[in-house]
1. Please list, ordered by residue number, the helices (runs of 4 or more DSSP H) wholly in the stretch 272-329 having 3 or more residues that are closer than 25 Å to ARG239 by Cα and more than 10 Å from the ligand (Cβ to nearest atom).
2. Could you tell me whether HIS212 is within 12 Å of the ligand (Cβ to nearest atom) and either at pLDDT 95 or above or open to solvent by 40 Å² or more (accessible area, probe 1.4 Å) (or both)?
3. Please state which one of VAL131, VAL116, VAL166, VAL142 is within 14 Å of TYR66 (Cα to Cα) and in contact with a Ser or Thr (Cβ under 7 Å, 6 or more places away or on another chain).
4. Test ALA89 against the stated conditions and say whether it is among the small types (Gly, Ala, Ser), open to solvent by less than 50 Å² (accessible area, probe 1.4 Å) and either within 16 Å of the ligand (Cβ to nearest atom) or touching a Phe, Trp or Tyr at 6+ places or on another chain (Cβ under 8 Å) (or both).
5. List the number of the failed condition for VAL190; all other conditions in (1) under 30 Å from ALA242 (Cβ atoms); (2) within 16 Å of the ligand (Cβ to nearest atom); (3) open to solvent by less than 20 Å² (accessible area, probe 1.4 Å); (4) in contact with a Phe, Trp or Tyr (Cβ under 9 Å, 6 or more places away or on another chain) hold.
6. Among GLU99, GLU137, GLU130, GLU119, which is the only one that is within 13 Å of the ligand (Cβ to nearest atom), among the acidic types (Asp, Glu) and at pLDDT 95 or above?
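The values are calculated or read from the model by the stated rules, or taken from the named source; none is laboratory data. Predicted model only: the values in this text are computed from it and were never measured. Every residue, glycine as well, gets a Cβ built from its backbone with ideal geometry; the counts of neighbours run over all protein chains shown. We work out accessible area using only protein heavy atoms, side chains counted, and drop any ligands, DNA or RNA first. Shrake-Rupley method; radii C 1.70, N 1.55, O 1.52, S 1.80 Å.
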Amino acid sequence: MAVLDRTDTLAPIREKVEAGERLDFEDGVALFESDDLLALGELADLARRVRGGDDRVFFVQNLNLYQTNVCRVKCKFCAFAKTQRQDGAYTLSADEFVENAVRQYEATRFTEIHCVNGESPHVDLDFYVEVLRKLREALPDVHLKFYTASEIHHMSTLSGLSHEEVLRELKDAGLGSLPGGGAEIFADRVRRLVAPGKEHPDEWFDVHDTAHRLGITTQCTMLYGHVETYEERIDHLLRLRAQQDASGGFLSFIPLAFHPENTVFERRGWRHTTGAEDLKTIAVSRLVLDNVPNLKAYWIMMGMPLAQVALHFGANDVQGTVVREEIFHAAGATTPTEQKLDELVRVVRDAGRVPVQRDTLYNELRRWAA
Ligand code: V47
């Protein structure tokens, strides 16, 4: 009986989860190898509750903005990046960026701007500092979640300053926290294949470690569904878990499903991840990454109906209103680019959970009845 066999594989892991014990590498791989999807979801939800999670599901009223899509790195999974001379390349001045943000603020009163960019070789550290300073002046109440660890490392290379010096300068200018991008998959084999021009994982970790020491909270991600194995996904999650044990400043984890359109992988026949793979990855992430409090089911990436189901697979956050999104849409996402607050509330409530609007640091701003 195949079903009984599968249940047996998960039984020792369930015992550990119930006892609040840590899962190890082998447990993680066994979870990924299980195809008992509903059991994985139930186990992940149990783990979330055993660790103090409740019925609240969070979202933030935010705005995604980009300063530049010009990028030196040429990651094979990316459809957003352009060279300076390519059609569609753009680099906004600080004033253009701030003007866009202020216009949008008048319409939606977001509490956060989320900004990630290409690594343009044609700018300097001031390009980044000036935007933050001008935004803080124009929108003093808005939290600025700006720049992945890869971008911080790039600024360090551009300026000759250490990660700590760059982060201090950005923080003085108004930086609130960091988004989680740039992590991709840490394993050397995969990084060499999909992002050979990207910084070494040690640099990515050093940026987050330094940020946490300076009191800057950050997010972390994993880009899955390309050339990585289950073992490499678990290795990735365990490296994040060890960093969180050491420095404690990751607020959330976001699994990012690879979108192949307009990338070299599309030409090689790669397809979007399946819904089952997305749910499994959410569940295993919740089970293995036991010390990061919040797990986002990013609706832009997986679509709203699946994000709703993911709330029963260990996720407790659906990210936010977003309004503009470029990275996943350049790579074939067919989701809308904006959700209204009312729609987020409806989706969370229909999943049987309590909708909570949060700020970037997970303080509750408003709670709706279930
Ligand atoms: O590092 C790029 C990913 C990341 C593709 O902190 C792709 O809340 C899938 O930082 N298919 C940048 N993924 C985006 C980022 C982010 C996204 C969502 C939430 C948060 C957060 C941060 O986007 C990159 C890479 O891993 N990415 N191209 C693609 N074709």
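1. 275-288
2. Spelling it out, it is not the case that HIS212 is within 12 Å of the ligand (Cβ to nearest atom) and either at pLDDT 95 or above or open to solvent by 40 Å² or more (accessible area, probe 1.4 Å) (or both).
3. On inspection, the qualifying residue turns out to be VAL116.
4. No; evaluated as a whole, the condition is false for this residue.
5. Among (1) under 30 Å from ALA242 (Cβ atoms); (2) within 16 Å of the ligand (Cβ to nearest atom); (3) open to solvent by less than 20 Å² (accessible area, probe 1.4 Å); (4) in contact with a Phe, Trp or Tyr (Cβ under 9 Å, 6 or more places away or on another chain), the lone unmet condition for VAL190 is (4).
6. Of GLU99, GLU137, GLU130, GLU119, the one residue that is within 13 Å of the ligand (Cβ to nearest atom), among the acidic types (Asp, Glu) and at pLDDT 95 or above is GLU119.
Residue-by-condition table, conditions (1) out of contact with any Phe, Trp or Tyr (no Cβ under 6 Å at 6 or more places or on another chain); (2) surrounded by fewer than 19 Cβ atoms within 10 Å (Cβ to Cβ); (3) free of Cβ contacts under 8 Å to residues at least 60 places away in the same chain:
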residue: LEU311; (1), (2), (3): yes, no, no
residue: ASP317; (1), (2), (3): no, no, no
residue: THR360; (1), (2), (3): yes, no, no
residue: LEU365; (1), (2), (3): yes, yes, no
residue: TRP368; (1), (2), (3): yes, yes, yes
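Every residue, every condition in (1) within 9 Å of the ligand (Cβ to nearest atom); (2) open to solvent by less than 20 Å² (accessible area, probe 1.4 Å); (3) of a type outside the set (Gly, Ala, Ser), yes or no:
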residue	(1), (2), (3)
ILE216	no, yes, yes
GLU231	no, no, yes
ILE234	no, yes, yes
GLN244	no, yes, yes
GLY248	no, no, no
SER252	yes, yes, no
PHE258	yes, yes, yes
